[in-house]
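First the structure, in the form of structure tokens, and then the observations on it.
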Amino acid sequence: MYRQGRYTRKPGPIRSTKRFLKRRYEWWKKLKLWQKIAVIVGPILALLLAIAIGTYVYYYNDIGNKERLLNRNNTGVILLDKNGKAFYTTPGSRVGDRDIVPLGGIADVTEHALLASEDKDFYKHGGFSVAGYARAAVTGVGGGSTLTQQLAKNTLLNNEHSYLRKFQELTLAMAIEQRYSKDEILDMYLNSVFFGENSFGIEAAAHTYFGKKPSQLTLAESAMLVGVLPAPSAYSPISGDPTLAKERQTTVLSRMVKNGYITEEQKTAALKETLHYKKQTSAINNSAPHFTEMVLNELYKKYGEEKVTRSGFQVKTTLDLKLQDAANKSVDDNIAYIQSQGGSNASLVAIDPKNGGIRALVGSYDYNDAKFGKVNMATTARQPGSSFKPIYYSEALAEGVVTPVTVFNDAKITDLGDFSPQNADRSYHGKVTVRQALDWSLNIPSVRVMEKLGINESIQAAKDLGITTLDESKNYGLPLALGAAEVPLVEMTSAYSAFANAGEQHAYNSVQSIKDKFDRTIFTASDESHRAISEQGSYLISNILSDNATRSRVFGSSLNVQGTDYQTKTVAVKTGTTDDNRDAWTIGYTPEMAVGVWVGNNDNAPMYNGGSGMAGPIWREMMQIVIGTKNPSFVQPSGITKATVCTEVGTLTDVFLSNHVPTECKKTTVTKKKTEQPKKTEMCAVAGKEDLTASDPNCVEEMCTYQGLEDLAANDPNCVDPSVTDSDNDGVMNDVDQCSDTAAGASVDAVGCSADQTPAVQP
């Protein structure tokens, strides 16, 4: 007890703590230096010893069996479709899938190049090199790992950069050195290391790069192969940077000179040697090669190529193999006609609007075509033509800048300087509504819509819909309204998918989840979305694009889709054609799927036909499979009103933003002059001869059909659209009628067949 007085007081907390510590650690002062070191270092050494023992025990069985050692990490990558069906496995990743070459079957120059470049003291150390670590610490170059350590890392561990992983690598290297001879270790290394280009081991590398056996490799070839090892993706002379590959070859040869394996003269001769690389054949042999490439490149970018190929990834993708087969068939079925019309290639993308998943992707008609087959036209930017119009029309409708019945004068433009666009049919149609202008794909009213909305606002609308290729710094001007900027098909289809999903957009994606070789989930795709356009705006654009009746004035029934039940479905669709028919597009959607098709030539050569005639048949065939017997409709949201209003061109009933319903008409004097109707921009095909026009005397009414060709007129009175006729007078139009021999006035069903009949035409 402390007395409380003038000269005494209770010690504070700080003073008490100091006294406690002084008494507590008095023993530390009594220790000798070596004892203090032991106290500090002892626990650390104990921990390291525990880690070493644990690591050795864990990998004991793998170290003791050569096949298990070589196969533990060489598990490759497996790609699965959305239903879990495998469609790609890394070729040659496992020992059983490739030849193992004994050390005697490998050229000496290859061994020497490896030792000089990666581990010059290999035959002197016991698994690790103190000198190597010291050199790495001083120079800051490399990690000082020996070949044995690299073997342990490649076959048993991973590329994680941590002190723990490094210590485990050291432990396993020493264990491997105790179990195998130096020659065995060198042999295992050369037969398991990844050389890039899907090549595991020297046998595969020699064959892939040079078409040779490992024993046949020259000094120059060996130095090039060894040079790629630190970073195969970057240093590969085939798919990487040839300049970097040459620099790496020079470095390897220089180290060989320094370590006495070759002379300076041999180095010079090797550098002058012209290397002849083997013509590459794709390792991808499945129904979705371009999609496979997309996924693999995404994985390589995220994890690195070697980790992907060694980690046994099980990747569940968004692909639907059944839809992929349907997409391939749609392209195959129509390519002959495309080629007859001056085209050579086609691409297709199908996207699920509910999650952005790519369900099918055809990057080119022939993936194995030597010239253009490997180019993925689904991701290559091209001018979209009129298929770009819904991008800014939708924003103008959403913001109330225009309504479906807003009237524009389709007449020659004289107030925009040198820019004076024409319609596809080279004619003018007077006053037309927004609905007519878009469904008939008229250019002049479309320019006026963008002018009214604003160019910058149109560009922003495109960006909101996921289009990344537009740049505000470029002075597009109003030609942008006609699709003057370049956009990839996958981005255009993704933009339309936002319309399909009531304005809510999921970024297009190709991977759902990833599991490692231990079946642990290491990645799950996000289900995030964003509001790309208002729900009301997406409904208005979908309502217009699905208006078969209005569109048929120009396109007939060429873009109508009949499902597997022969019924015409509600499908929104827009075509696009660029100057000289260099690009032909058709993009359409239901609430369940968006499908986009591009047709053209990779070298930008012109074709004889445009969007509805070239891309349209592929799109229609694909959509028939997608829809089947379903007929999902676009649900009208709140904020939309159906109303009958007075316009400059008459009283019209349409759908509007509830707060933007027109209330009055402009008073205009109407002359009783027949309004010119838009010319049908389709070709009249006569007995399969597409070069005959409707005006040809050999073209008779019953032989005229719409072909979707926009460069020939079909407004000849002798050439009519068969889809709008009723040839057997049973009350069912020909575009739906499947039984063409019923009696006039007979009782028939929705497809024109009586009870005792079956449809005469199959889908």
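Grab the eigenvalues of the alpha-carbon gyration tensor for the stretch 589-655, scale each by 5, take roots, and send me the semi-axes largest first in whole angstrom.
Value: 34, 21, 10 Å, ordered largest first.
To the nearest 0.05, how large is the calculated FRET efficiency for THR641 and LYS452 if R₀ is 22 Å and r is the Cβ-Cβ distance? Step by step, r from the Cβ atoms, then E = 0.50.
Report the FRET efficiency, 1/(1 + (r/R0)^6), for LYS212 and PHE372, where r is their Cβ-Cβ distance and R0 is 45 Å, rounded to 0.05.
Working: r = 30 Å, r/R0 = 0.66.
About 0.95, to the nearest 0.05.
Ranked by the mean number of other Cβ atoms within 10 Å of their residues, highest first, the peptides 460-470, 359-369, 254-264 come out as 359-369, 460-470, 254-264. With the cut-off at 29 Å, tell me which of the pairs LYS120/LYS267; LYS316/LYS389; LYS354/LYS642; LYS85/LYS463; LYS412/LYS474; LYS120/LYS166 have Cα atoms farther apart than that. The pairs that break the limit, which is 29 Å between Cα atoms, are LYS316/LYS389; LYS85/LYS463. Annotation: amide H-H contacts under 5 Å for VAL511 (H modelled 1.01 Å from N, sequence separation of 5 or more, or interchain): THR318. Translational diffusion coefficient of the stretch 234-346 (Stokes-Einstein, Kirkwood radius from Cα pairs, 37 °C, 0.692 mPa s): 176 µm²/s. Here the stretch 419-490 is treated as an ellipsoid with the same Cα gyration tensor; its semi-axes, largest first and in whole Å, are 23, 13, 12. The fraction of all Cα pairs in the stretch 184-278 landing in successive 10 Å bins from 0 to the largest distance is 17, 50, 31, 2, given as whole percents. Among the chymotrypsin sites (Phe, Trp or Tyr not before Pro) found in the stretch 483-537, those both in a DSSP coil and sparsely packed, with 13 or fewer other Cβ atoms within 10 Å of their Cβ, are PHE518. Along each principal axis, taking the top coordinate minus the bottom one, the Cα set of the stretch 399-529 gives 69, 31, 27 Å in descending order.
Give, in whole angstrom and from largest to smallest, the semi-axes √(5λ) of the equivalent ellipsoid of the stretch 285-339, with λ running over the eigenvalues of the Cα gyration tensor.
30, 12, 8
Among 324-336, 397-409, what's the highest-first ranking by average C-beta atoms within 10 angstrom per residue?
Working: 324-336: 18.4, 397-409: 20.8.
Put in order of decreasing packing, that is 397-409, 324-336.
If R0 equals 22 Å, the separation of the Cβ atoms of ASP516 and LYS301 corresponds to a calculated FRET efficiency of about 0.80.
The numbers here are math on the coordinates, done by the rules we state, and not lab data. As the structure is a computational prediction, the values presented were derived from the model and not from experiment. Positions of Cβ are generated from backbone atoms using ideal geometry, with glycine treated the same way; all protein chains shown enter the neighbour counts.
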